[in-house]
Amino acid sequence: RYKMINDTIDILDANIVNVGIEFEIVSQVESNKFEALELATSALVDLFSNKTFSIGENFYITDIYKVLNNTRGVADTTNVKIVKKIGSRYSQVHFNIEYFTSPDGRYIAIPENGTFEIKSPSIDIRGTIK
């Protein structure tokens, strides 16, 4: 009595958006600044080395703040910037990060046919400390 109009499924390639992370932290007074920076960078590298974004999954900047602020020796995270990585080793997909960033700056939305990737976390994640 009920039939589908068609029984096809379209499978399309997802657009990969390669991004990097630039952050700025403030160390606790009694801690070694360089050790705190190394621990913070390592925490993010560990997080994103094991993370695979699903197609259509947003990039939550708040998760980065959480990881950095919970790192030993870090008093506060003052700035986190997500940057588009370009070059021969990265995807050539055009993506405007500022346009897709939420008004409150908590996440970056991605169209349902795209996915984020931090290709080389040890290279693409950079931080500075005050």
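The values are calculated or read from the model by the stated rules, or taken from the named source; none is laboratory data. This is a predicted model, so every value here is computed, not measured. As a convention, Cβ positions derive from the backbone with ideal geometry for all residues, glycine included, and neighbour counts pool all protein chains shown. Just the protein is used for accessible areas: all its heavy atoms, side chains included, with ligands, DNA and RNA removed. Shrake-Rupley method; radii C 1.70, N 1.55, O 1.52, S 1.80 Å.
Things to note:
- Expressed as a whole percent, the proportion of Cα-Cα pairs in the chain lying more than 23 Å apart is 40%.
- Surface share of carbon and sulfur [accessible, 1.4 angstrom probe, percent] for the chain: 51 percent
- Within a straight-line Cα-Cα reach of under 26 Å, Lys66 can be paired with the following lysines, leaving aside sequence neighbours fewer than 8 residues apart in one chain: Lys33, Lys51, Lys81, Lys84, Lys85, Lys119, Lys130.
- Per principal axis, descending, Cα span of segment 30-83 in whole Å: 43, 21, 19
- For the pair segment 82-105 / segment 1-45, the C-alpha centres are spaced 12 Å from each other.
- Distant-in-sequence amide contacts of Ser31, defined by a placed amide H-H separation under 5 Å and a gap of 5 or more residues or a different chain, comprise nothing.
- The chain: relative contact order in percent, alpha carbon pairs under 8 Å with at least 6 residues between: 46 percent
- Amide H contacts of Ile129 (H built 1.01 Å from N, under 5 Å, at least 5 apart or other chain): Ile25
- List Leu47, Leu12, Leu68, ordered by accessible area with a 1.4 Å probe, largest first: Leu12, Leu47, Leu68
- Coordinate range along principal axes, alpha carbons of segment 81-127, Å, largest first: 29, 27, 14
- Efficiency of FRET from Cβ geometry, Lys81 and Ser102, R₀ 25 Å, rounded to 0.05: 0.95
- Rounded to whole numbers, the Karplus 3J(HN,Hα) couplings from phi for segment 57-70 are 7, 6, 9, 8, 5, 4, 5, 5, 4, 4, 5, 5, 5, 8 Hz, using 6.51 cos²θ - 1.76 cosθ + 1.60 with θ = phi - 60°, and x at Gly and Pro.
- Per-residue ³J(HN,Hα) for segment 37-53, Karplus 6.51 cos²θ - 1.76 cosθ + 1.60, θ = phi - 60°, Hz, x for Gly and Pro: 5, 5, 5, 5, 4, 4, 4, 5, 4, 4, 4, 8, 6, 9, 9, 10, 6
- Counting only heavy atoms of the protein chains and using a 1.4 Å probe, Glu22 has close to 90 Å² of accessible surface.
- Segment 1-64: C-alpha gyration tensor shape, a/c 1.5 cut-off, then a/b vs b/c: prolate
- Amide H contacts of Val17 (H built 1.01 Å from N, under 5 Å, at least 5 apart or other chain): Thr115, Phe116, Glu117
- Heavy-atom accessible surface of segment 17-104, averaged per residue, reaches 59 Å², computed with a 1.4 Å probe.
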